[in-house]
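Worksheet: one structure, shown below.
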Amino acid sequence: MNGRRIRVEHTVLAVVGGLLVTFLVVPVLALFIRATDFGQGLRHPLVWPALRLSLMTTGLSLVVVVVLGTPLAWSLARAQGRLARAVETAVQLPIVIPPAVAGVAMLLAFGRRGLFAGILYPDGWSISFTTCAVVMAEVFVSAPFFVQAATSAFRRIDPSLVVVARTFGAPPLRVFFRVALPLAAPGLLAGAAMSWARALGEFGATLMFAGNLQGQTQTLPLAIYTALESDMRAAQALSIVLVVVAFALLLFVRAALRRSTERGEPTL
């Protein structure tokens with residue numbers, strides 16, 4: 001009787017959980033099932049300029065995030081005290097801020113009439129509504145994902161390895177490049193992939209701070225939004241491209257984490 005009851009309870013739990021899985025999977029499947037003219041959708045004038053711009057801006061934003069975020073994550077992982085925790089919380093704040101709010105905040109900080117307008121734009125020019133603004137918006141929303149993952153990866157490094165390296169006279173930079181980075185590499189790669197995926201899917205902050213100018217600030221999500229008004233095939237084709245890229249990145253992250261676990265290296 002107890003065994004039968006346990007099986008029934010497991011079945012009920014599986015069915016309840018399956019409802020959520022179904023709800024999450026069906027819309028994604030619908031994108032592919034209803035893709036009756038994928039090739040024609042890709043030939044829409046919005047598609048390739050948006051794809052090229054997205055690849056360029058997200059690549060630049062990823063470089064900025066990794067170059068600036070890796071030393072920050074290393075410092076946060078080794079630091080103690082309230083100041084370090086406050087900085088870590090501040091870095092994570094963009095994760096919970098709605099993207100539209102992030103865009104308004106960036107406009108008020110770096111726009112033509114923003115907080116630093118007098119210093120940045122003495123001649124009245126503004127960085128907002130330019131390609132550079134797209135990169136800035138993508139850095140703002142994606143950096144926390146990399147920093148959080150990198151900090152976690154650095155914290156999982158055995159402290160004795162760092163101590164041994166320092167006892168042999170290795171300076172801090174040498175320890176960072178020769179010990180910390182190789183050991184945390186899988187976690188850093190996974191964090192970089194998540195950061196790039198977040199930048200690729202960024203919509204709200206880009207729209208508010210950079211606008212939706214074709215060939216200049218119109219990224220893939222903005223092109224989807226625009227295509228919905230005129231050609232569902234183009235919107236569907238772009239959506240499929242983003243889903244495929246996101247799925248590939250997810251597989252990459254899982255492979256990096258699995259490799260990290262198998263080798264006993266830091267994981268997220």
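The values are calculated or read from the model by the stated rules, or taken from the named source; none is laboratory data. For clarity, every value in this text was computed on a predicted model and none was experimentally measured. In this analysis, Cβ positions are derived from the backbone assuming ideal geometry, glycine residues included, and neighbour counts consider all displayed protein chains.
Summary table
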| item | result |
| --- | --- |
| Residue satisfying all of: in segment 76-97; surrounded by 14 or more Cβ atoms within 10 Å (Cβ to Cβ) and more than 17 Å from Arg198 (Cβ to Cβ); nearest to the chain's Cα centre (by Cα) among these | Glu88 |
| Residues located in segment 214-233, provided they are closer than 18 Å to Ser61 by Cβ and either modelled with pLDDT under 90 or in a helix (DSSP H, G or I) (or both) | Leu220, Pro221, Leu222, Ala223 |
| Segment 23-40 residues that are surrounded by 13 or more Cβ atoms within 10 Å (Cβ to Cβ), paired with ones that are of a type in the set (Ser, Thr, Tyr) and assigned to a helix (DSSP H, G or I) (beta carbon under 6 Å, 6 or more apart) | Leu31/Ser239 |
| Flag for Thr131 being surrounded by fewer than 22 Cβ atoms within 10 Å (Cβ to Cβ), modelled with pLDDT of 85 or more and polar (S, T, N, Q) | yes |
| Residue selected from segment 134-174 under the condition in contact with a Leu (Cβ under 9 Å, 6 or more places away or on another chain) and of a type in the set (Val, Ile, Thr), by the criterion surrounded by the fewest Cβ atoms within 10 Å (Cβ to Cβ) | Ile157 |
| Residue match in segment 142-153 (condition: polar (S, T, N, Q), closer than 13 Å to Arg198 by Cα and assigned to a helix (DSSP H, G or I)) | yes |
| Neighbours by Cβ (under 8 Å, 6+ apart or cross-chain): first from segment 168-180, touching a residue at least 40 places away in the same chain (Cβ under 8 Å); second of a type outside the set (A, V, I, L, M, F, W, C) | Phe176/Pro71 |
